[in-house]
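Engineer: One structure, pasted below without further comment.
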Amino acid sequence: MNCYEHTFIAKQDLSESQNKKLVDKYENIINKNLGKVLKTETWGLRTLAHRIKNNKKGFYFHIKFEGDGKTIKELEKNENIDESLIRFLTVKVKKHN
């Protein structure tokens, strides 16, 4: 299995419970598709460097996990259609610290 770090930014107007559901949703997608979530971090509300989709701020979340290409494909497919996300990025790393 490969190691990945995945960061996504949610819209600022989401409530705390909505943010929790969003994180749980993506953790479940990783786990259902042969992945294993190692660590989830909430970086909180941050100001964006420039406006993205008319948003000045966003909630940042970071997930460290192990998986394969199928895991990434399914995760990003779901994020592409999610209206509550501003941006997401998955990076393959050699190993987790």
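Engineer: Going residue by residue through region 4-13, is there one that turns out to be among the hydroxyl-bearing types (Ser, Thr, Tyr) and out of contact with any helix residue (DSSP H, G or I) (no Cβ under 9 Å at 6 or more places or on another chain)?
Structural biologist: Of the residues in region 4-13, the ones among the hydroxyl-bearing types (Ser, Thr, Tyr) are 4, 7.
Applying the additional criterion that residues be out of contact with any helix residue (DSSP H, G or I) (no Cβ under 9 Å at 6 or more places or on another chain) yields 7.
Looking through region 4-13, at least one residue is among the hydroxyl-bearing types (Ser, Thr, Tyr) and out of contact with any helix residue (DSSP H, G or I) (no Cβ under 9 Å at 6 or more places or on another chain).
Engineer: While we're looking at this one, here's another question. Give the residue that is nearest to Lys70 (Cα to Cα), with candidates limited to residues of region 2-26 that are open to solvent by 40 Å² or more (accessible area, probe 1.4 Å) and assigned to a helix (DSSP H, G or I). Show your work before the answer.
Structural biologist: Keep residues of region 2-26 that are open to solvent by 40 Å² or more (accessible area, probe 1.4 Å), which gives 2, 5, 11-13, 15-18, 20-21, 24-25.
Next, only the ones that are assigned to a helix (DSSP H, G or I) stay: 16-18, 20-21, 24-25.
Values: Glu16: 30, Ser17: 29, Gln18: 26, Lys20: 24, Lys21: 23, Asp24: 19, Lys25: 17 Å.
The extreme case among them is Lys25.
Engineer: Conditions first: (1) assigned to a helix (DSSP H, G or I); (2) among the β-branched types (Val, Ile, Thr); (3) in contact with a strand residue (DSSP E or B) (Cβ under 9 Å, 6 or more places away or on another chain). Ile86 passes all but one, so which condition is the exception?
Structural biologist: Going through the list (1) assigned to a helix (DSSP H, G or I); (2) among the β-branched types (Val, Ile, Thr); (3) in contact with a strand residue (DSSP E or B) (Cβ under 9 Å, 6 or more places away or on another chain), Ile86 breaks only (1).
Engineer: Residues of region 36-51 being touching a residue at least 40 places away in the same chain (Cβ under 8 Å) and surrounded by 13 or more Cβ atoms within 10 Å (Cβ to Cβ), which ones? Reasoning before the result, please.
Structural biologist: Quick first cut of region 36-51, residues touching a residue at least 40 places away in the same chain (Cβ under 8 Å) only: 38-39.
Of everything in region 36-51, just one residue is touching a residue at least 40 places away in the same chain (Cβ under 8 Å) and surrounded by 13 or more Cβ atoms within 10 Å (Cβ to Cβ), namely Leu38.
Engineer: Please determine whether any residue of region 83-95 is open to solvent by 60 Å² or more (accessible area, probe 1.4 Å), among the aliphatic types (A, V, I, L, M) and in contact (Cβ under 8 Å) with a residue 40 or more places away in the chain.
Structural biologist: Scanning region 83-95 turns up at least one residue that is open to solvent by 60 Å² or more (accessible area, probe 1.4 Å), among the aliphatic types (A, V, I, L, M) and in contact (Cβ under 8 Å) with a residue 40 or more places away in the chain.
Engineer: Could you grab me the full set of residues in region 52-73 that are in contact with a Gly (Cβ under 9 Å, 6 or more places away or on another chain) and either surrounded by fewer than 14 Cβ atoms within 10 Å (Cβ to Cβ) or farther than 10 Å from Tyr4 by Cβ (or both)?
Structural biologist: So the first thing to find is which residues in region 52-73 are in contact with a Gly (Cβ under 9 Å, 6 or more places away or on another chain), and the list is 52, 59-60, 65-68, 70-72.
Answer for region 52-73, where residues must be in contact with a Gly (Cβ under 9 Å, 6 or more places away or on another chain) and either surrounded by fewer than 14 Cβ atoms within 10 Å (Cβ to Cβ) or farther than 10 Å from Tyr4 by Cβ (or both): Ile52, Phe59, Tyr60, Asp68, Lys70.
The values are calculated or read from the model by the stated rules, or taken from the named source; none is laboratory data. This structure is a prediction, so every number in the text was calculated from the model and none was measured. FYI the Cβ positions are ideal-geometry reconstructions off the backbone, even for glycines, and counts take in every protein chain you see. The protein model used for the area step is the full one, side chains on, heavy atoms only, and it has no ligands, DNA or RNA in it. Shrake-Rupley method; radii C 1.70, N 1.55, O 1.52, S 1.80 Å.
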